[in-house]
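Engineer: Have a look at the structure that comes next, please.
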Amino acid sequence: MAEQPVVTAAPRPYVVRVHRRSAHERQPQHPYPQPQARARPAPQATAPTPPFNAPAARKLRAALGMKPEHVAYGMRSSYGLPYVTPDLVAAWERGAASPTGTELTALAGVLWCSAGELISSPRTLREHRMAQGIAAEDVARAVGLELASYLGMEETGEWRGTDRQAAALATVLDLTLPELTTVTGRETKLGELLRGAVTTRWQAHVRPITRLLALDRHLDRQADRHLDRHLLEDVLQELHADYQGLMAATLTWANGTAATDSGDAGRDFLDGIVDRFWSLVRRPTTY
């Protein structure tokens with residue numbers, strides 16, 4: 001059989017259709033959201049600030065051989081606070097502004113110190129907690145309170161816990177008896193009782209003050225001894241004698257100016273009686 005020639009058709013060209021997008025056509029969305037630039041956090045007018053110790057911050061920075069520029073850079077790069085500038089650091093050190101709690105923590109980290117070293121003598125419950133660097137959740141747990149309840153006490157400055165919880169609070173925040181008296185809102189009542197003790201019969205005020213301070217449960221660690229009933233009686237008797245002696249001098253001085261000066265001294269005595277009371281409590285005993 002004779003071989004037949006095989007005829008093949010010429011290959012057709014392969015055409016790729018290209019769609020040209022109109023200028024008004026909507027662009028396809030990217031499957032993943034693009035990162036957004038982080039905005040500077042808005043200042044919170046209601047955010048509490050601890051009592052900042054500006055001279056201490058300046059002294060610590062100088063001791064490290066740092067300038068405000070170095071401090072600001074460290075807070076920006078290591079603590080995620082991009083808005084901190086050398087001018088802001090300088091304003092803190094001048095006392096023209098105070099750092100927030102977050103800024104204070106970052107500043108302490110840059111200056112290689114504790115937050116407590118950058119805080120002036122704390123007075124409120126929140127200030128004592130921040131000075132110790134303890135989270136509110138940890139304090140509430142140690143004291144036996146719900147977090148919301150504890151934060152409410154910090155906000156209002158009104159302590160509503162029991163004596164047992166107050167003792168736990170003193171332990172976790174390392175409070176002395178005078179500090180505990182202040183943060184639990186008992187200082188005003190203590191002042192009233194002390195003024196009554198020096199102006200009338202001091203013996204009648206021993207029991208109310210004992211109950212107020214719960215002296216059988218708390219230890220004044222700064223004095224390193226219990227403020228027991230016997231010590232309280234001695235202190236009240238001495239305060240009474242000092243005040244009555246001051247008032248007796250007023251009656252014996254006939255000169256009007258001298259009497260006025262003594263009267264002013266008596267008012268000053270009563271105004272500062274709480275501090276006088278604690279200074280006598282902490283005075284070393286000789287027996």
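Engineer: Could you say which residue among GLU154, GLU127 is touching a Lys or Arg at 6+ places or on another chain (Cβ under 8 Å), under 10 Å from VAL183 (Cβ atoms) and assigned to a helix (DSSP H, G or I)?
Structural biologist: So the residue among GLU154, GLU127 that is touching a Lys or Arg at 6+ places or on another chain (Cβ under 8 Å), under 10 Å from VAL183 (Cβ atoms) and assigned to a helix (DSSP H, G or I) is GLU154.
Engineer: Of all residues in region 111-127, count the ones that are within 8 Å of the chain's Cα centre (by Cα) and modelled with pLDDT of 90 or more.
Structural biologist: 1
Engineer: Suppose the filter is farther than 30 Å from TRP92 by Cβ, surrounded by fewer than 17 Cβ atoms within 10 Å (Cβ to Cβ) and of a type in the set (A, V, I, L, M); does ALA142 pass it?
Structural biologist: Yes, satisfied.
Engineer: It is to be established whether one or more residues within region 90-103 are within 30 Å of MET66 (Cβ to Cβ), of a type in the set (A, V, I, L, M, F, W, C) and in contact with a strand residue (DSSP E or B) (Cβ under 7 Å, 6 or more places away or on another chain).
Structural biologist: Checked against the condition, which is being within 30 Å of MET66 (Cβ to Cβ), of a type in the set (A, V, I, L, M, F, W, C) and in contact with a strand residue (DSSP E or B) (Cβ under 7 Å, 6 or more places away or on another chain), region 90-103 yields at least one hit.
Engineer: Confirm whether THR176 is touching an Asp or Glu at 6+ places or on another chain (Cβ under 7 Å), closer than 29 Å to PHE269 by Cβ and touching a residue at least 24 places away in the same chain (Cβ under 8 Å).
Structural biologist: yes
Engineer: Further question: Do the conditions hold for ARG129, that is, is it touching a helix residue (DSSP H, G or I) at 6+ places or on another chain (Cβ under 9 Å) and surrounded by 15 or more Cβ atoms within 10 Å (Cβ to Cβ)?
Structural biologist: yes
Engineer: Please go through region 133-163 and give me each residue that is of a type in the set (Gly, Ala, Ser), closer than 30 Å to ALA106 by Cβ and at pLDDT 90 or above, ordered by number.
Structural biologist: ALA135, ALA136, ALA140, ALA142, ALA148, SER149, GLY152
Engineer: Scan region 90-105 for residues that are part of a helix (DSSP H, G or I), over 12 Å from LEU118 (Cα atoms) and touching a residue at least 24 places away in the same chain (Cβ under 8 Å) and report the count.
Structural biologist: Qualifying residue count, region 90-105: 1.
Engineer: Just checking, how many residues over region 164-199 are assigned to a loop (DSSP other than H, G, I, E, B) and either at pLDDT 95 or above or basic (Lys, Arg) (or both)?
Structural biologist: Result for region 164-199: 1.
Engineer: Exactly one of these conditions fails for PRO284: (1) loosely packed, with under 12 Cβ neighbours inside 10 Å; (2) at pLDDT 85 or above. Give me its number.
Structural biologist: Against the list (1) loosely packed, with under 12 Cβ neighbours inside 10 Å; (2) at pLDDT 85 or above, PRO284 comes up short only on (2).
Engineer: A further question on this structure: Looking at (1) modelled with pLDDT under 95; (2) farther than 27 Å from GLU154 by Cβ; (3) part of a helix (DSSP H, G or I), find the lone condition where PRO55 falls short.
Structural biologist: Just one mismatch for PRO55, condition (2).
Engineer: Considering only region 207-231, state which residues are closer than 14 Å to ARG283 by Cα, modelled with pLDDT of 55 or more and not in a loop (DSSP other than H, G, I, E, B).
Structural biologist: Result: LEU231, single match.
The values are calculated or read from the model by the stated rules, or taken from the named source; none is laboratory data. Worth saying up front: this structure is predicted, and the values here are computed from it rather than measured. Positions of Cβ are generated from backbone atoms using ideal geometry, with glycine treated the same way; all protein chains shown enter the neighbour counts.
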